[in-house]
Amino acid sequence: MTGILPWVILFVPLLAALSITLLTLRHRALSAGLSIGAICVSFVGSLLIWISFDGGSVQYSTPWLSVGGLHVDLGLLLDSLSVTMLLVVTGVGALIHIYSYGYMAEDPGMPRYFAGLSFFTFSMLGVVLSNNFVQLFIFWELVGVSSYLLIGFWYDRPTAADAGKKAFLTNRLGDFGFLLGIILVWTTIGSLNFGEIEATMRANPEIFGSLASIAGLLVFCGALGKSAQFPLHVWLPDAMEGPTPVSALIHAATMVAAGIYMLSRVFFLFNETALLVIAWIGGVTALLAAVIAIQQDDIKRILAYSTLSQLGYMVMAVGVMDPTAGMYHLTTHASFKALLFLGAGAVIHAMHHEQNIWKMGGLRRAMPVTYWMFLIATLAICGVPPFSGFFSKESILAAALEHNAILFGVGAGVAALTAFYMFRLVYAVFIGPPKSNAAEYAHEVPGVMKWPQVLLGVPSLLAGFWGIEHFIGQSFASASAHHAAAWHWQILSPFSHAPLAAFFGLGLIGFGIAAAYAFYGNAVRDPLPDEMGRLSTAIRERLYLDEAYTAMIRYSHEVLALIADWIDRWVISGMLVRGSQWGTDLAGRLLRMAQTGNVQTYALFLVVAVVVVLWFVLKR
Amino acid sequence: MDIFFYLFAALTLICGLLVVANPFSRNPVTSAMFLVLTILSMAGLFVLLNAFFLAAVQVIVYAGAVIVLYLFVIMLLDLGADERRRLNKAMVGLSFLGVGLLAFVLVSSIGQSEAVGALSSPRLQGTTEKLGKALFSDYVLPFEVVSVVLLVAMVGIILLSKRDLK
Amino acid sequence: MIGLEDYLTVSAILFSIGVVGVVMRRNLFIILMSLELILNAANLAMVAFSRFSNNIDGQMMVFFIITVAAAEVAVGLALLVALYRRRQTAYTEDLTNMKL
Amino acid sequence: MSPITFIILWPLVAALLIGFVPRENRSTIRMIAIAGTFFSLFIALGLFFQFDTGEAGYQFVQREPWVGALDISYYVGVDGINLGLIVMAALVGFAACCLAYDVTERQKEYYILLLIMIGGIIGAFASLDLFFFYFFHELALVPTFIMIGVWGRGEKKNYATFQITIYLSLGALIALIGLVALYVQSGAETFDLVKIIESTASDPFSTSFQKVVFPLLLFGFGILVSLWPFHTWAPLGYGAAPTATAMVHAGVLKKFGLYGLIRIALPLFPEGARHWLGVIAILCLGNILYCGWVAMRQKDLNLLIGNSSVAHMGFVFLGIASLSLVGITGAVFVMVAHGLLAALSFGLSGYLYTQTKDLTMTDFGGLLRQMPFIGTVMVMAFLAGCGVPGFANFPGEIMVLFGAWQTVPVAVIIAAWGALLVGAIYMLRAIRTMLHGPRSEKWTTLVDATSAWRKLPFALLLAGLLFLGCYPPLLTEKIEPSAALVVDRLNGDEKKASADLKEPTLTKDLSTKELSSALSSALAWQERRD
């Protein structure tokens, strides 16, 4: 039973996706039902596994591709890490599936949407359950493809189609490094299985020799792309062109978390140098995204940048050698960020697809449930105790403080910025005065969209007390020092564990909220641009990073393509091919001069030829 | 006997030359007449070689039939004297060079050949009886084939001579 | 004593005269006659070889050559007549339509 | 009679039959062509599943001596390397016949030539005799030129025909010189490839000879496969070719050169291969990266597909350059995968072309809405082209990259860049311009494929891609033992090579049982048809 269960969890969504594509593309409700049913089955299966889980690590595998020294299994790995992720992906995913049924109710492409969603779930579960590198890479790519399809769901819109393309290409850039890293690992160690690699590395830590950092960083490239870390973060904000539930599922809870998950999964691969780089990249991403977020006006973009910033936290956590904290934050972040997106989706739905926060306002009264849930999630993301985000964020800050004071400073500063821009959002959308007609006449969303929010509110509020970090910690020997404690001790543990980090962090968060109130408590328009001037413009333009990229990456290839095409057209096809053509033609023209058409000329040639032949026959 | 050889040989060559290049007349009829002379003197050479039958055939077929055909056609078409046209000097030079080389190769190789010396005693008599026997025994198949060739030529000529050729 | 080489020399010279005619004269009738000269030169050589090697085959060959030559002349003249009717000329220079 | 003979014969017989059908009976002609290729495909699939996996030697062999003095014989057989190619060729041939309806003039001649081409190329893959190997290839090649010249499309038709004819004839001739040299030098006095390889195993060619002749084969065969920089004929030729011709040539016939390299050049000239390794690696980067860049600039769909197809060939060359088991298995796998993909892509572009007569990509837009089925298949084909897992190209490319790392790491890095990034850029750009975005204003009346008959060829090819992509062992298990043989020869490990052949399977009694069972089943099919 337990042997077959993980396979069921993995393949039921695929089955749903296939049957929707092949059979039920014309039946809306049936398609939605199939998809929702599939993820619910997976969720129940995950729950069953979690219940019977004993803390060890189990693998089920069957050979997939085996040539020479290359053995790739289709394998499932169940340990505390993957079980946690299973619960997150299927749990959050199930709620979002249900929510989608309401959100997409009027869209004619709903069956296609649900097929994509199920396919995405399948790919994501594949990433989570993989027990070897190539399988991980395969599902990694599939996640990219399905997100491409979902971001570009409304492909008639040029922006959506472009965003999908950009996401896929940026991810591919990261995967380039990832694949090379995998090949390097395989050639050095001769195995692809995580367990075997870890055992080999433990037996012989110096196996990579001088390539150790490079191998780690190459693998990290994969996470760079998928988790949208600087400098490959540019795709995530654009990906908000997809339907909002997709943003919630992919770009908040699951897909972007895959990078963090992967880093934790192969944590043994990184050495000191690699970890330092990882930590700094995480820190820079967190800071950069938080800064950009404070001047965005699109509700989904603000959330996107906040996602980036939180992902930076998680990567930083891995970098400062505490993957448990990273995964912990991933788990809590999945619930509250999904909640934020669902709330934003509800707001957008109510506002008839208006996304500018300066055209909203006063929605607190019109949409009370959404408001309260959104507030819970906001408090959680800011890290206010006793909400879930507090615990996970504090554990990251604590780990950072242990390792690197500067990174701790960055982290704390980001915490303040987070509080600032999140409350800016809350004030502008829910509390401040209505700034448009639509905002005044907005209504609460239907139950199918409301209840998933409420259900997500529970973990956002309480996940800090469930001992998730200990559960995850089973996978990492280093973190086993933590002990489970009663819930009221739980809330105090950050203070006792790392008092400086906790108090400092809390203070800054409070400062951020206060500042947000001061600026936006009653604002009808954003006062900051006037005060900051050009800096604000720069931030609004996302620090011109996108432009820099377009120039750097796209145009470099564009120019190379131009050159290659030119060479192809003029040198190879033109000079060489046409040249030989002309050469042959010229020779033909010259020889044609002999063809006068006069019989006697030919007769003369005949005579000459006869002389030559006779000469050979008679004289030699 | 030698005197006859020299006589006929000289006649053959001179008349042959006059067929090709006659300084006094450029009329094709004249050329045809000199061709008759050439052929007749050739027949004389054949007699000297004891090929009596062939000599007779030469006179009957060539001098009789072929040349008459030539004259007939020339007169039918009423060809006048050849116009004098400007010669292409390069062509003339090349032609002389080519033909000169040809003659040189042929004549010089005749002298060098050892086989020629070994075959210097003439014995064969080309009588009608001998040729007739060979023709109807060993050569009967080629003989028949040649008759087909003549038939084909005849059909071809009829076809060519029809005015409205479609 | 007149030997084989004398006949062969005559044959060679006659052959060359024929070739000169073919290559230099423009009138197709003359060219055709020169061809006859060439054929006759070959005939002479054959008969001479036949006589001096005591073998009847050479003379048989000449017999066939004469037959074929007769056919050739007939066909050639017929062609010339057809050509002349169409083009009113018997000069090679005027008949260069086969040029590319 | 080996079933292989029937696979080769059915299209040729169909071509002969069509010769007797009056040209007015168009549907009869089409039916005969489709039926002929279908039988061929059917037997090929049977062959595939009856193939004894894990066996390295040739199976289903048939040998009929022809010219005794020169030891030329009709000699066919399959091992892992050509099995997949034959089945792929039969599948593509069938699909091509189904999609040949875009030709409306002189259909009789067109179908005859197409069938000869299909029969010829299958024969070339199956032949184990050098003479027939080359003969069958020429049999397939010459109709290509005629088809492009007569039924081709576009303004550049003549130039394309001219270029493709010159290039391919030249390539075939250079390869012929190499083959003649090896025939003469081997001293075995036979055209029997198996015997030549055996005799050179004990008495290998001298190193200097190998170094001279290997490049002849490399460049001769390379030109046939559009090895950079001899590639410009490919996009141009495919752009001008009628749909079915482009499908069969790009999908199947082009692989002949690669097959020749793996089948003949590698085992016979191991020293030569090692000597020229670096050159192959550099040239294959020319294919992958350079042609990828060229593809980025294309505005015409066919030119884009053509260039991307040239780029994909680079992976096969990289796999060959790896000289490793994983790499060469991957190379063979990519050949099969790319055959299906190229046929699918050209089939799709041909479908569009019959309606528009113009394939400028920017004129299209929102095709997914206009023609859902064709649009979806197209998206999948493009995604397969940029190496997305789930499609057959992915496992092949992965194997090639993994296998080549030991030998040419730098090339692998650059190739991975070309595969993951450059490929994705132009493929996604094509999706973006043609399938996504608002509906085009120029083409408003495009019709989707609705009948099952129209959908069938696309569905078949796509199914092939997906099957192999999701379950690669289907093919790799068959390729691996045979590829191992090649690699062992390459490494000069003769003992191991002969140990891999558990029995002397090259002789007739290798698998009497399978042979007889295959024979009886083949005969059974025959009877059913009759």
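The values are calculated or read from the model by the stated rules, or taken from the named source; none is laboratory data. The model shown is predicted, which means the values in this text are computed figures rather than measured ones. No Cβ is skipped: glycine too gets one built from the backbone with ideal geometry, and neighbour counts run over all protein chains shown.
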Taking the conditions exactly as written (at pLDDT 80 or above and within 14 Å of chain C (Cβ to nearest Cβ)), does A:Leu618 satisfy them or not? no
Members of the stretch C:26-37 found to be at the interface with chain B (Cβ under 7 Å from one of its Cβ atoms), closer than 20 Å to B:Gly80 by Cα and assigned to a helix (DSSP H, G or I), listed by number: C:Phe29, C:Ile30, C:Met33, C:Ser34
Would you tally the residues in the stretch B:6-40 being more than 10 Å from every other protein chain (Cβ to nearest Cβ) and either closer than 20 Å to C:Ile65 by Cβ or touching a strand residue (DSSP E or B) at 6+ places or on another chain (Cβ under 9 Å) (or both)? 2
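Take D:Val212 and decide whether it is part of a helix (DSSP H, G or I) and in contact with a Lys or Arg (Cβ under 9 Å, 6 or more places away or on another chain).
The answer is no for D:Val212.
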Looking at D:Pro372, D:Pro395, D:Pro389, D:Pro409, which is the one that is surrounded by fewer than 22 Cβ atoms within 10 Å (Cβ to Cβ), under 21 Å from D:Leu461 (Cα atoms) and either facing another protein chain (nearest Cβ under 9 Å) or without any contact (Cβ under 8 Å) to a residue 12 or more places away in the chain (or both)? D:Pro372
Taking the stretch D:25-59 and keeping residues farther than 19 Å from D:Leu115 by Cβ and not hydrophobic (A, V, I, L, M, F, W, C) leaves D:Gly46, D:Gln50, D:Asp52, D:Thr53, D:Gly54, D:Glu55, D:Gly57, D:Tyr58, D:Gln59
Does at least one position in the stretch D:488-505 carry a residue that is among the hydrophobic types (A, V, I, L, M, F, W, C), at pLDDT 75 or above and buried (at least 19 other Cβ atoms within 10 Å of the Cβ)? yes
Scan the stretch D:122-139 residue by residue and report those that are aliphatic (A, V, I, L, M) and surrounded by fewer than 24 Cβ atoms within 10 Å (Cβ to Cβ). D:Leu130, D:Leu139
Could you run through the stretch A:427-444 and say how many residues are crowded, with 24+ Cβ neighbours inside 10 Å and modelled with pLDDT of 75 or more? 3
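Does A:Val72 fit the bill of being free of Cβ contacts under 8 Å to residues at least 60 places away in the same chain and of a type in the set (Val, Ile, Thr)? Give the derivation first.
Details: free of Cβ contacts under 8 Å to residues at least 60 places away in the same chain: no; of a type in the set (Val, Ile, Thr): yes.
It is false that A:Val72 is free of Cβ contacts under 8 Å to residues at least 60 places away in the same chain and of a type in the set (Val, Ile, Thr).
Please determine, by comparing only the residues of the stretch C:40-78 that are within 14 Å of chain A (Cβ to nearest Cβ) and in contact with a helix residue (DSSP H, G or I) (Cβ under 6 Å, 6 or more places away or on another chain), which one is surrounded by the most Cβ atoms within 10 Å (Cβ to Cβ).
The initial filter retains those residues of the stretch C:40-78 that are within 14 Å of chain A (Cβ to nearest Cβ), namely C:41-42, C:45, C:76.
Remaining after also requiring in contact with a helix residue (DSSP H, G or I) (Cβ under 6 Å, 6 or more places away or on another chain): C:41, C:45, C:76.
Working: C:Ala41: 25, C:Ala45: 22, C:Gly76: 21.
The qualifying residue surrounded by the most Cβ atoms within 10 Å (Cβ to Cβ) is C:Ala41.
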In the stretch D:433-459, how many residues are crowded, with 20+ Cβ neighbours inside 10 Å and within 14 Å of chain A (Cβ to nearest Cβ)? 5
Of the residues A:Leu95, A:Leu86, which is more than 19 Å from the chain's Cα centre (by Cα), assigned to a helix (DSSP H, G or I) and either surrounded by fewer than 24 Cβ atoms within 10 Å (Cβ to Cβ) or on the phi < 0 side of the Ramachandran plot (or both)? A:Leu95
Could you please tell me which pairs satisfy a Cβ distance under 7 Å, a separation of 6+ or placement on different chains, a first residue in the stretch C:1-25 that is at the interface with chain B (Cβ under 7 Å from one of its Cβ atoms), and a second residue that is among the acidic types (Asp, Glu)? C:Ile2/B:Asp2
Residue hits (the stretch A:579-613; aromatic (Phe, Trp, Tyr) and more than 29 Å from C:Asn27 (Cα to Cα)) are A:Trp582
Residue that is part of a strand (DSSP E or B) and within 14 Å of chain D (Cβ to nearest Cβ), where the choices are A:Leu136, A:Leu74, A:Leu150: A:Leu74
Residue set D:Val336, D:Val279; condition at negative phi, among the β-branched types (Val, Ile, Thr) and buried (at least 24 other Cβ atoms within 10 Å of the Cβ); output residue D:Val336
For residues in the stretch B:128-149 being surrounded by 14 or more Cβ atoms within 10 Å (Cβ to Cβ) and not basic (Lys, Arg), which is nearest to B:Leu54 (Cα to Cα)? B:Leu131
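Considering only the stretch A:157-231, give the helices (runs of 4 or more DSSP H) lying wholly within it that have at least 2 residues that are charged (D, E, K, R) and buried (at least 20 other Cβ atoms within 10 Å of the Cβ). Walk me through it before giving the result.
Working: elements: A:158-189, A:194-203, A:212-226.
Once the helices (runs of 4 or more DSSP H) in the stretch A:157-231 are filtered for at least 2 residues that are charged (D, E, K, R) and buried (at least 20 other Cβ atoms within 10 Å of the Cβ), what remains is A:158-189.
Right, B:Leu45: part of a helix (DSSP H, G or I), at the interface with another protein chain (Cβ under 7 Å from one of its Cβ atoms) and touching a residue at least 40 places away in the same chain (Cβ under 8 Å) or not? Let's see the steps before the verdict.
Working: part of a helix (DSSP H, G or I): yes; at the interface with another protein chain (Cβ under 7 Å from one of its Cβ atoms): yes; touching a residue at least 40 places away in the same chain (Cβ under 8 Å): yes.
The answer is yes for B:Leu45.
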Near pairs, Cβ below 6 angstrom, 6+ apart or cross-chain, from the stretch D:312-340 (within 11 Å of another protein chain (Cβ to nearest Cβ)) to any residue that is part of a helix (DSSP H, G or I) and aromatic (Phe, Trp, Tyr): D:Val326/D:Phe402
What helices (runs of 4 or more DSSP H) completely inside the stretch D:397-500 contain at least 3 residues that are of a type in the set (Val, Ile, Thr)? D:409-417, D:473-490
Given the criterion assigned to a helix (DSSP H, G or I) and either under 30 Å from B:Gln112 (Cα atoms) or within 14 Å of chain C (Cβ to nearest Cβ) (or both), identify the matching residue among A:Leu590, A:Leu576, A:Leu586. A:Leu590
Looking at D:Phe125, D:Phe145, D:Phe131, can you tell me which residue is assigned to a helix (DSSP H, G or I), out of contact with any helix residue (DSSP H, G or I) (no Cβ under 7 Å at 6 or more places or on another chain), touching a residue at least 12 places away in the same chain (Cβ under 8 Å) and within 30 Å of D:Val13 (Cα to Cα)? D:Phe131
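Matching residues to (1) surrounded by 14 or more Cβ atoms within 10 Å (Cβ to Cβ); (2) at pLDDT below 85; (3) at the interface with another protein chain (Cβ under 7 Å from one of its Cβ atoms); (4) part of a helix (DSSP H, G or I):
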| site | (1), (2), (3), (4) |
| --- | --- |
| B:Met75 | no, no, no, yes |
| B:Leu79 | yes, yes, yes, no |
| B:Asp82 | yes, yes, yes, no |
| B:Arg85 | no, yes, yes, no |
| B:Val92 | no, yes, yes, yes |
| B:Gly98 | yes, no, yes, yes |
| B:Leu101 | yes, no, yes, yes |
| B:Val105 | yes, no, yes, yes |
| B:Ser109 | yes, yes, yes, yes |
I'd like the full set of residues that are surrounded by fewer than 24 Cβ atoms within 10 Å (Cβ to Cβ) and of a type in the set (A, V, I, L, M), limited to the stretch D:466-483. D:Leu466, D:Leu474
Of all residues in the stretch C:52-87 being in contact (Cβ under 8 Å) with a residue 24 or more places away in the chain and under 20 Å from B:Thr12 (Cα atoms), which is farthest from the chain's Cα centre (by Cα)? C:Ile65
